[in-house]
Amino acid sequence: MNLARGKVEAYLLEELKRHGKIQITLIDPEKVEVDTASNTAVETESLGSSAIMVGSSTLTSPTKLDEIVQSIKKAVSIPVILFPNNITGISKYADAIWFMSLLNSSDPYYIIGAQMLGAPLVRKYGIEPIPMGYIVVGDDSAVSVVGQVKAIPRNKPELAAAYALAAQYLGMRFVYLEAGSGAKEPVPREMVNLTKRYVDVPLIVGGGIKTGDQARMIAEAGADIIVTGTITEDPKAKCGLQDIIRSIRTVGEHRG
Ligand code: 1GP
């Protein structure tokens, strides 16, 4: 039995060691066409993204998901990690999958049901599973509706930190604080900060990060990995992403 960390997880930890903080680009297969997806991946790789995540909150055709993952794989050398919202978010062409549980869902399907159905497929396809606890903040996003979330109020950082700590105690090796794709505001600084003080595993933060200043604030508060998606859907947003990655790297280089 091999319970060791896989190649992609080891690579992410190595990237964190090297840069202190890293950025990952999320591509939503529902919002882009195959060509756009691979062009975005190439562009963001050249700007310094450490990996590409592929996933969405609602339904993507499995055929389109496969095509997008394949085209990104052909175009870049950084890993492609699935970010599934359901069993339909699994593609055999990806390098790895965030094997995630939506911890603050009120529906057991999103906590363990989909995972039970998807696990044999992940095994069959040989996709590397990376265990992650997923926590949704605020109630105005697609993921909070689809995932039947009991949203964490933005002024209750202690609840996010407690979920994160429970995830770590359950053996999850990453924790993700999610404000929702396209959120008006990112996860509050105090929530990132308190969560980081509670857990030792790498802390991922995403949702609503559109500027270098926001990315710097989230990185300084303690995020290890920052995920951005929406900003790359705007063809004129190259400078924005450049700023975001530069800000994250600067904080990473000056970490204590
Ligand atoms: C969503 O956290 C990610 O799951 C990215 O959010 O699209 O707002 O960058 P944005």
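Observations on the structure shown:
- Residues that are closer than 26 Å to Arg216 by Cα and over 12 Å from the mean Cα position of the chain (by Cα) are absent from region 67-75 altogether.
- In the set (1) open to solvent by 60 Å² or more (accessible area, probe 1.4 Å); (2) out of contact with any helix residue (DSSP H, G or I) (no Cβ under 9 Å at 6 or more places or on another chain), the condition left unmet by Ala166 is number (1).
- Boolean, Gly138 is within 26 Å of Leu47 (Cβ to Cβ) and either within 16 Å of the ligand (Cβ to nearest atom) or open to solvent by 60 Å² or more (accessible area, probe 1.4 Å) (or both): no
- Test for Leu47: is it closer than 22 Å to Lys236 by Cα, within 16 Å of the ligand (Cβ to nearest atom) and in contact with a Leu (Cβ under 6 Å, 6 or more places away or on another chain): yes
- Within region 181-206, the residues that satisfy the criterion of being open to solvent by 10 Å² or more (accessible area, probe 1.4 Å) and either away from the ligand (no atom under 15 Å from the Cβ) or within 21 Å of Leu12 (Cα to Cα) (or both) are Arg189, Glu190, Asn193, Leu194, Lys196, Arg197, Tyr198, Asp200, Val201, Pro202.
- Check on Ser144, under 20 Å from Ile209 (Cβ atoms) and free of Cβ contacts under 8 Å to residues at least 40 places away in the same chain: yes
- Gly147 meets all of the listed conditions (1) more than 15 Å from the ligand (Cβ to nearest atom); (2) of a type outside the set (S, T, N, Q); (3) more than 30 Å from Lys238 (Cβ to Cβ) but one, namely (1).
- When region 212-256 is filtered for residues that are open to solvent by less than 40 Å² (accessible area, probe 1.4 Å), part of a helix (DSSP H, G or I) and in contact (Cβ under 8 Å) with a residue 60 or more places away in the chain, the ones remaining, listed by number, are Ala215, Ala219, Thr232, Leu241, Ile244, Ile245, Ile248, Val251, Gly252.
- With respect to the conditions (1) within 11 Å of the ligand (Cβ to nearest atom); (2) touching a helix residue (DSSP H, G or I) at 6+ places or on another chain (Cβ under 7 Å); (3) acidic (Asp, Glu); (4) over 22 Å from Ala96 (Cα atoms), Glu178 lacks only one, and its number is (4).
- The set of residues from region 221-256 being over 19 Å from Gly182 (Cβ atoms) and of a type in the set (S, T, N, Q) comprises Gln242, Ser247, Thr250.
The values are calculated or read from the model by the stated rules, or taken from the named source; none is laboratory data. Note that the structure is a prediction, hence the values are computed from the model and not measured. Note that we place each Cβ from the backbone using ideal geometry, even for glycine, and neighbour counts take in every protein chain shown. What goes into the accessible areas is simple: the full protein's heavy atoms, side chains included, and nothing from ligands, DNA or RNA. Shrake-Rupley method; radii C 1.70, N 1.55, O 1.52, S 1.80 Å.
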